[in-house]
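Below: one structure, written as structure tokens.
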């Protein structure tokens, strides 16, 4: 087997072990968290967001073909958003978890009503979908009691939530630049979807192209840091002893063991606290 194939195989094994580690970390926290049944919204919202972080990082780690500037930032943007939401909820779980859930249920109700206004009466498949979604909604809260909020669920924008939750660095150096990718803004599109025209008579205007960009495991490393931050916020709030290694430190140690050099020599990391 060639050295290149050995390297790829080692990398894939490393990523499988990373996925197993963060799942173990999530499951240990969930199993040790003492649940009060009358405050179920807290456990559903916080547990769901922790699960979301782990799931997104796992899917990124398992797909080397998307470790690039086209796709990976979309996942990292969702992860930074999830962490800011989680950190903000953890400041006042009882009130904020309920707000988070009720807003989501209201959005589902709005979607159902929009479907009903467009679906043809004899469209069996569409009506079955409406029935299933209504059943899901009513299993949590009767639809006639569910309010639709067209504003921001927290009453704050993401920057304000980040400020309150002490996530300013994450917001400035991760959430904001990744938002440019998610919203297809010019500073991303111009770099990743255009190239300069080679004809000087055309004043080097930009030409649309399908660019092939290299894979970079730095994106997975960043996702490990976001899982780590979410685990850390949960641990700080609930003071639960956890034996599973934290994702960030584990990732660094294992990556350096495989590559036999400091991680900063392999990944393009800017130390911004993100």
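Its Cα gyration tensor gives the chain an equivalent ellipsoid. The semi-axes, each the square root of 5 times an eigenvalue, are 35, 28, 19 Å from largest down. Measuring between their Cα centroids, the range 76-151 and the range 193-223 lie 38 Å from each other. As a ratio to 2.2 N^0.38 Å, the alpha-carbon radius of gyration computed for the range 85-179 takes the value 1.39.
Assuming R0 = 30 Å, can you tell me the calculated FRET efficiency for the pair residue 140 and residue 119, based on Cβ-Cβ distance, to the nearest 0.05? That gives a FRET efficiency of 0.85.
Highest mean first, the peptides 127-134, 87-94, 59-66 sorted by other C-beta atoms within 10 Å per residue fall in the order 87-94, 59-66, 127-134. Each helix, a run of at least 4 DSSP H residues, gives -39500 (n - 2.57); summed and divided by the residues of the chain, these come to -21000 deg cm²/dmol at 222 nm.
Between 38, 18, 175, the Gaussian network model of the chain with springs among Cα atoms under 10 angstrom shows the greatest mean-square fluctuation at 38. As a length-normalised measure over Cα pairs under 8 Å and 6 or more apart, the relative contact order of the chain settles at 29 percent.
The slack in the chain from residue 210 to residue 94, taken as 0.36 nm per residue of separation less the alpha-carbon distance, amounts to 37.0 nm.
The distance from the alpha carbon centre of the range 1-74 to that of the range 154-169 is 24 Å, rounded to a whole number. At R0 = 35 Å, how high is the FRET efficiency between residue 70 and residue 249 if r is their beta carbon distance? Nearest 0.05 is fine. Step by step, r from the Cβ atoms, then E = 0.75. Working from label points 7 Å from Cα in the Cα-to-Cβ sense, the residue 9 to residue 163 distance is 5.5 nm. Comparing 119, 23, 148 in a Gaussian network model of the chain (Cα springs below 10 Å), the most mobile by mean-square fluctuation is 119.
Here, each number is a calculation from the coordinates, and none is a lab measurement. Not measured: the values here are computed from a predicted model. Reconstructed Cβ throughout: ideal geometry from the backbone, glycine too, with neighbour counts over all protein chains shown.
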